[in-house]
1. Quick one: how many residues across the range 144-162 are under 26 Å from the mean Cα position of the chain (by Cα) and exposed (fewer than 14 other Cβ atoms within 10 Å of the Cβ)?
2. Residue under question is residue 106, and the condition is that it be under 30 Å from residue 177 (Cα atoms), within 20 Å of the chain's Cα centre (by Cα) and in contact (Cβ under 8 Å) with a residue 24 or more places away in the chain; does it hold?
3. Which members of the range 55-93 meet the condition of being more than 28 Å from the chain's Cα centre (by Cα), within 24 Å of residue 104 (Cα to Cα) and touching a residue at least 12 places away in the same chain (Cβ under 8 Å)?
4. Among (1) loosely packed, with under 11 Cβ neighbours inside 10 Å; (2) closer than 24 Å to residue 12 by Cβ; (3) not assigned by TED's automatic domain parsing to the domain that holds residue 176, where does residue 101 come up short?
5. Confirm whether residue 183 is at pLDDT 85 or above, surrounded by 10 or more Cβ atoms within 10 Å (Cβ to Cβ), touching a helix residue (DSSP H, G or I) at 6+ places or on another chain (Cβ under 9 Å) and in a loop (DSSP other than H, G, I, E, B).
6. What is the number of the single condition among (1) in a strand (DSSP E or B); (2) surrounded by 12 or more Cβ atoms within 10 Å (Cβ to Cβ) that residue 25 does not meet?
7. When the range 107-128 is examined, which residues are found to be touching a helix residue (DSSP H, G or I) at 6+ places or on another chain (Cβ under 8 Å) and modelled with pLDDT under 85?
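The values are calculated or read from the model by the stated rules, or taken from the named source; none is laboratory data. Everything numeric here is computed off the predicted structure, so don't read it as measured data. Reconstructed Cβ throughout: ideal geometry from the backbone, glycine too, with neighbour counts over all protein chains shown.
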């Protein structure tokens with residue numbers, strides 16, 4: 001999921017932004033009052049209101065205009081709030097606020113949690129294949145086919161992908177909302193090709209250095 005999708009889900013009421021922020025604001029490093037201010041700003045955005053002043057915010061929050069201004073300034077410095085110039089239908093520019101940075105930080109917070117869950121080792125599995133299959137079925141929410149399980153075995157034994165390689169690919173697939181083994185295979189193949197290119201460049205560099213030393217000797 002990316003910021004655009006999250007914004008769409010929030011605007012359509014699929015995701016409750018207030019509940020999301022109440023649950024995460026401490027981990028995100030903002031105060032309770034800053035969180036409430038962001039909730040109010042989000043409510044304005046959902047109503048398609050793009051212009052905000054401290055006076056507008058004090059109508060809902062029991063704070064002074066000076067406190068509201070100070071909170072907005074703090075949120076800008078912490079990179080949770082941003083102001084941009086937009087062009088209206090009349091061609092004139094006006095100032096608009098957005099909290100896209102807040103949406104991004106929330107996504108990054110949950111991505112970190114998901115990544116940690118994926119990367120941690122589960123000792124209940126006898127083999128790495130079992131662990132990867134279980135992890136994929138859990139995150140992709142479907143039972144893998146025999147051919148897919150066979151491909152996973154090839155990743156481990158034939159292509160020599162490490163556990164970290166495979167788990168990082170799973171995380172990449174989750175972020176891209178691509179729950180297929182073929183997508184994972186393409187991610188791993190691309191990484192292998194990059195690693196091979198790096199090895200070739202290093203080898204060629206060593207050969208060039210050795211040849212240069214030989215010619216200069």
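1. Qualifying residue count for the region: 1.
2. yes
3. Listed by number, the residues that qualify are 57, 68, 69.
4. Of (1) loosely packed, with under 11 Cβ neighbours inside 10 Å; (2) closer than 24 Å to residue 12 by Cβ; (3) not assigned by TED's automatic domain parsing to the domain that holds residue 176, only one is false for residue 101: (1).
5. Considered against the rule, which asks whether it is at pLDDT 85 or above, surrounded by 10 or more Cβ atoms within 10 Å (Cβ to Cβ), touching a helix residue (DSSP H, G or I) at 6+ places or on another chain (Cβ under 9 Å) and in a loop (DSSP other than H, G, I, E, B), residue 183 comes out as no.
6. Of the numbered conditions (1) in a strand (DSSP E or B); (2) surrounded by 12 or more Cβ atoms within 10 Å (Cβ to Cβ), the odd one out for residue 25 is (1).
7. Correct list: 111, 114, 115, 118, 119, 121, 122, 125.
Quick grid of which residues meet (1) at pLDDT 90 or above; (2) touching a helix residue (DSSP H, G or I) at 6+ places or on another chain (Cβ under 9 Å); (3) in a strand (DSSP E or B); (4) surrounded by 11 or more Cβ atoms within 10 Å (Cβ to Cβ):
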| position | (1), (2), (3), (4) |
| --- | --- |
| 42 | yes, yes, no, yes |
| 51 | no, yes, no, yes |
| 62 | no, no, no, no |
| 69 | yes, yes, no, yes |
| 86 | no, no, yes, yes |
| 105 | yes, yes, no, yes |
